[in-house]
Each structure stands twice: as structure tokens, then as C-alpha cells.
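Take a look at the structure below.
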Amino acid sequence: MSTLPHFTCRTTTASRSVVSAMLMFGVLLGCGSTESERPESQDGHVRMTRLLKLIQDRTPDEHPYLGDAQLRQAQDILATLPEDAVAGRFHTQWILAYHLARAGRLEDAISNFESAQHQLEQLRSQLSSHEREQFLLHMAAACLRLGEMENCIHCQTGESCVLPLQGGGIHVQQEGTQKSIEVLQNLLEENPDHLTARWLLNIATMALGNYPADVPETFRVSPDRFRSDVEFPRFTDIARQLGVNPFNLCGGTIVDDFDDDGYLDILSSTWDTAGESILFRNNGDGTFQKRIKEAGLSGICGGLNLVHADYDNDGAVDVLVLRGGWLNEAGKHPNSLLKNDGTGRFRDVTFEVGLGNAFFPTQTAAWADFNNDGHLDLYVGNEDGPAQLYVNDGHAHFRNIALAAGVQNNRFAKGVMWGDYNNDGFPDLYVSNYQDQNRLYRNNKDSTFSDVAPELGVDGPINSFPVWFWDYNNDGNLDLYVSSWWPDVKYVAADFFDLPHEAEPAALYRGDGQGRFEEVAAEHNLSAVSQPMGANFGDLDNDGWLDIYLGTGYPEYEALMPNLVYRNAGGTKFEDVTMAGGFGHLQKGHGVAFADLNNNGQQDLYIQMGGAYPGDKFGNLLLKNPGFRNHWIGIRLVGRTSNRSAIGSRIRVDIVDDGRPRSIYKWVNSGGSFGANPLQQQIGLGSAATIDRIEVFWPTTGKVQIIEDVAADQFLEITEGVDGYRRRSLKSFRFSVPEIASRAQVDDF
């Protein structure tokens, strides 16, 4: 990632953490409050909103990404430097310009970059080539971000920022983008081999509608790289028309039915400490209603990720909000457990249920009934501190047993996921750690775990992020996808230029069901550089094979790279359909959900977009599925002895597809570790209009429930221990937007 000259802020990390800890401790215990305030402070929801408001108030001074302390310090230093202090003024103005850009004050940033650029030649002998290149890269990125701000962000069309840029994605206001091209050309004169500059030159030129002609052949990405090798219908972004595109920063996404009316709602969070979570209620007629106050979410601010489950078995889907990720000592923020009253209204019960005793920065957690007692437990993977394994006592209260269970990890966890990889009936735990070996904690069935990742060869990649268990090849055994996150756009550029690089590929570990794995990413076409942050899986074409969406990026502005979609081709390989399907969005992708939002049997995609800095906001995407001719079945499992959400249960569907019998397997969970699919499972059936047999395995009892001869293209509810099923009569509808013709492939350049 890019670097720049550094100076120390007035408030040190150590002093900030001490002050924050004292403040939080005082709030939680009611210290410093008056006698009349204390009764109200005992309400857990109120206590949480007060604490989150304190964090918000301290953000300008303490937050490494959202704060402006370094910007203010640079302004103060620059005001005191004499005019003849050329080197000092150059470096300080560079720092000021960089932080102005981060804050979204792009015109001021570019003005300061231009002032500093006048001194660049004068200081050439005093600056290393790396410093000169970094300065020009930061300046070019700021100019290009201005072009995005003027054209893609405030003037969104369905084609804005979607690679390859064309049609409505071409910049009309061209000044910022043209300036970035000039700066990139200067950088390439300094270093013709600068891969990031070469890549951004292609993107900026494409944004002006002048690619490939205006890109020198030496620096040009072949137009063939912006086409898919296979045909795939184009998905269209309709979030803006439906009003479900909050303009904010990175965050989490859940799609599920929060009010139990049969229609899937959307819950979106942002890590902006002043940004409230938003519930978009599905009205069942093609429209959505934005709810914050009505959903009890007023003051529930911040949240880099969301995970959901019915933790208290009352039939309503609850939500855990995760906070503090990437912030190190400054990120000791509380998580929030939001209890749903069944109508889509939430109340923060974090302190009441025992989850508010210790704060560590995190963005990843997962629910499972690891001890098979019928109550969902919770694992929270922390970044600067031990992980937490909260066991549910069956009375909606949790106790942390991570130390005794042997799962504290004490590494920088970025993704966690439960799955029974060895088919012994007890869920095991995978922890994806950044810049460290990953762990696979085998469940010893006695509330302890053993890390078997090294012996099974599944402890890489060393720089990993999102992770999930799934059965990608429908052999009835869980496999494991572990992403690779080497955050530098030069690695993406190297792939597009067909050049070697040192970035580690993702891992696809094929499981044999007996407790062993084989790494098969390369032979399945999943070894290209992807750098995902948000990611998930689902079945876009209803062929019964699970596809992948990867939301890509890293915090810096130069991190313009396409989000990616891989179609599963019969479990033997994955086909990159990014360009054909219109998935190659250049903005930063975070929480991802595959979900049938209009009950028509086709899975749409909802993605939380936006970056980490205040100036890197973007609207969320809702990519409408154009429709495929395959059949499907929706299955909602209701646990009785097992947990009500049926998390960890396995569904097997036997069909005859194109004259050949086959089985499709699905485990009940919310999908990947960054973004949450509905807990109701939707399974593609290919050409099969009927299902021969549905088999449900309930891990708490070890019993198998069987249903035979079921018609496709309907929603079912199967209750544990109850014969047969209940057909859910759910109305399908069209989204309330004009129909837009899909394109089978992208236009030629």
C-alpha cells in the first residue's frame, strides 16, 4: 500500500486508549452520573447509545481513518514554517493534501498537491525516486477521485463505475480525470514499470471514453481482458430507484425477513461512528421503506459487519453488530446484540445477556450450536486481544469460555466460520487470520477444541480475509474457501498485464468428509488476484451449483479494481463472468448478500459499498437478477429440539436433472464471513420440475427427516419432528423500476 511522510499526532495511541478505557468504564458503571441519571442508565439500550455517542464525539481526535487530527496538525505546522524552508513545506503540504483528500475535500487537496508539485523539481536531488513516485501517485489518485465524485457518485447511473466503463459510465465532467491522466503520465516518465500507474492510466482513459486508442501500447491493458470468456446475462443495479442505496462508508449487510411477513428485508450498517444502521422494510409490492427510528435503531451507530440468528429461540431473527475492526487500540468499541421483537423493531441487550464485559476490535463473528444443546453459541474473532467463545446457557445469557475451550486464537482474526468438516455431528471452527497462520479448531465434543490446521494443510493463505465452509462440488462433504488479501492494486495490475507477482492466491480446500483436505484453487480457476473484503456465495443461475461474489479493495484511493463474480461450472471449475454480468464495480465492496428479494425464485445481489475514509463514500448496490429458466426450491427450517434458526442443519435434495439423477447439498447458515444471506435456504434445481426427495439432517438429535415427491418453484417450511411440510404462499412481484433490457455481453471497444 502507499506510504507518505509521517509525523506524530499530539494525542498518542497509548494516551487515547487509556482515556477511552476510562470513559467506557465510567459509562458502563454509571460513574460520574448524577443520582437522577442512574436509573435510566441501567437500561442496556440507553447505556449503549450513550457509549456510542461518546465514541462518535471522540472520533475527530482518535479515529485513525475518520479523524482529522493529522490534517489539523499539518495545517498548524505549515502556518509556522518560513517560506524558505522548501523541504519542510513540501513534505508538510504533501501530508496536508493527502489528509484533505481522505476527508473528501478534494479541490483543496488538489490545490495543495499542485503547490507542492511546484517544489518537486527543486527538491529532486533530496528526494528518493520512491518518494517522488508516491507523491505523484497520491496526487493522481486524488484527481481521479474528484472525477469519480463529480461523475459516478453524485450522478449515479446503473453503469457508473462498472468495468469496462462505457455508456452511462463515461465521465461527463472531465477536468479531474484529465488531470489525473497528466499526473500519471508524469509518474510513468519517472518509472515506466510502475504497475499501479499503468493500471490507473487505463482506467482514467476509459472513464473519458478514449480507451484503448489514447493509451500508449506499452502501458495498455489488452481489451480482451475486459471481456468474459463465457456468456452471462447482465445484472442491473436498481438500488437508487428503490431507495435502498444509503450513501455511506464500508459496513455490513444482512438480508432476511425481520418481521416474518414472508418478504426479505435489508439491514445495512456503516463503520462511520455517526452513521446509524438502517432497516429497509420490504413492502411486498416492489418497494422498500426506510426505517431507523421505527426499527429502534436510532443511536445504534457504527458497525463494520453484521451477523444474525435467533439466539433466544423465540422465532424472531436477531442481529449482532461488530465494531472496532482495523483500529487496534483505538478500536475497543462495544459490539451490539440487537434483540428483535418479531416486528422488525430492535432493542440493544448486549449488557443484559453478558456480551458487554470486554471490548476488543473486531469485524467477524459466527453463530453455531457447538455443543448440540439446542441453543446457539457465539464465537467472536478479535484483532488485538483473545477471541471470545460465548456459550448460551439456554436462558438468553452468555458466558465466555474461550480460554478453557482452547480457542482464544490471539491472532489478527478477519473471518470466522463454523462447519462440520469431518461429519461427526459437531461443528468445527475455522479462523482466518491476517498476516499469520489460520486455524481449524476441531470440535472435541467435550466443549474443547484442537487446532489441526497445520497437520491438515489448511493454515494458509498467510494474508487471508473472508472465509466460508460450503459444498461447491455437491459430494455431500464440506469444502473450505479461504480468500487471499494482498492489499495493493499493483498485484491486480500484474494479473491484467500477465506479469509475475508475489501475491499469494486464494485457497480452495476440497474436503473428503473424513477430515482431510486437498488444495485445488488453481485447477478450479480461482488463483487470480482478487483481494476481497466482503464476499459470499449463492446460486445466481439456479443450476444447483454455488457461485461466488467477491467485493474487492483496500482503503487507499488508488484501490480501483473490479469486484468479481465466478460462476460454478458443474463443480469442476469456476468461470469468471465479471465483465459479461456487469459485476465489475470499481468502488470498494464490503458486506455481500445473495437473496431473492422479490420472491420470484431468482437470487439478486445486495452489496454494501464505500471505503474507510470520509471522502470514500458510495451508494449500496442492488443487482437485479435478469432471470434464468432453471427451477428452484425455497426451504425454511424451523428447529424445535435443535436451535430455532436450524443453523448447522444439512439439506439434501435429490432430483433428476437433464435425465441424470443427482443430489444437491446445502448447510443452513448465512453464507460467507462478511455479508449475510437469508437463513431461509434457496436451492437451484436446474431443469428438474419436481424433487424426488428432500432429506434434512438435524445435528442436535442426529435424526433425518425425509419428504418425497415435491413440486419445484415454491417455498416450503419444514419443522423438526413434524411430518411433511407447510407450503408458504408467498406472492412474487416486480421491482418498482422501469424494465431495462439486459445485454448478453459487454460492448466492443
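The values are calculated or read from the model by the stated rules, or taken from the named source; none is laboratory data. Quantities reported herein were computed from a predicted structural model and do not represent experimental measurements. Every residue, glycine as well, gets a Cβ built from its backbone with ideal geometry; the counts of neighbours run over all protein chains shown. Side chains are part of the model used for accessible areas, which takes the heavy atoms of the whole protein and leaves out ligands, DNA and RNA. Shrake-Rupley method; radii C 1.70, N 1.55, O 1.52, S 1.80 Å.
Worth a mention:
- Sole residue being in a strand (DSSP E or B), open to solvent by less than 10 Å² (accessible area, probe 1.4 Å) and either in contact with a helix residue (DSSP H, G or I) (Cβ under 8 Å, 6 or more places away or on another chain) or without any contact (Cβ under 8 Å) to a residue 12 or more places away in the chain (or both), chosen from L337, L378: L337
For (1) surrounded by fewer than 18 Cβ atoms within 10 Å (Cβ to Cβ); (2) part of a helix (DSSP H, G or I); (3) modelled with pLDDT of 95 or more, each residue gets a yes or a no:
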site: Y491; (1), (2), (3): no, yes, yes
site: R510; (1), (2), (3): no, no, yes
site: E518; (1), (2), (3): yes, no, yes
site: V529; (1), (2), (3): no, no, yes
site: M533; (1), (2), (3): no, no, yes
site: N536; (1), (2), (3): no, no, yes
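- Boolean, L338 is out of contact with any Leu (no Cβ under 6 Å at 6 or more places or on another chain) and modelled with pLDDT of 95 or more: yes
- Residue within the stretch 168-188 that is open to solvent by 60 Å² or more (accessible area, probe 1.4 Å), assigned to a helix (DSSP H, G or I) and within 29 Å of L597 (Cα to Cα) present: no
- Test: residue in the stretch 393-414 that is touching a residue at least 24 places away in the same chain (Cβ under 8 Å), over 29 Å from K703 (Cα atoms) and in a helix (DSSP H, G or I): yes
- Being closer than 23 Å to D310 by Cβ and either out of contact with any Phe, Trp or Tyr (no Cβ under 9 Å at 6 or more places or on another chain) or assigned to a loop (DSSP other than H, G, I, E, B) (or both) is a property that does not hold for L716.
- Test for D373: is it out of contact with any Lys or Arg (no Cβ under 6 Å at 6 or more places or on another chain), surrounded by fewer than 20 Cβ atoms within 10 Å (Cβ to Cβ), in a loop (DSSP other than H, G, I, E, B) and free of Cβ contacts under 8 Å to residues at least 24 places away in the same chain: no
Matching residues to (1) within 29 Å of T236 (Cβ to Cβ); (2) within 31 Å of the chain's Cα centre (by Cα); (3) not aliphatic (A, V, I, L, M):
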{"residue": "C161", "(1), (2), (3)": "yes, yes, yes"}
{"residue": "L165", "(1), (2), (3)": "yes, yes, no"}
{"residue": "Q173", "(1), (2), (3)": "yes, yes, yes"}
{"residue": "D193", "(1), (2), (3)": "no, no, yes"}
{"residue": "P223", "(1), (2), (3)": "yes, yes, yes"}
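- Entry remark, the stretch 590-617: residues being more than 14 Å from the chain's Cα centre (by Cα) and not charged (D, E, K, R) number 11 in total.
- Any hit, the stretch 14-37, residues being assigned to a loop (DSSP other than H, G, I, E, B), surrounded by 14 or more Cβ atoms within 10 Å (Cβ to Cβ) and either among the hydrophobic types (A, V, I, L, M, F, W, C) or modelled with pLDDT of 90 or more (or both): no
- Lone qualifier among P461, P505, P500, P454 - being under 24 Å from the mean Cα position of the chain (by Cα), open to solvent by 10 Å² or more (accessible area, probe 1.4 Å) and not charged (D, E, K, R): P505
- Residue that is nearest to the chain's Cα centre (by Cα) [pool: residues in the stretch 558-575 that are over 16 Å from G686 (Cβ atoms) and open to solvent by 20 Å² or more (accessible area, probe 1.4 Å)]: E575
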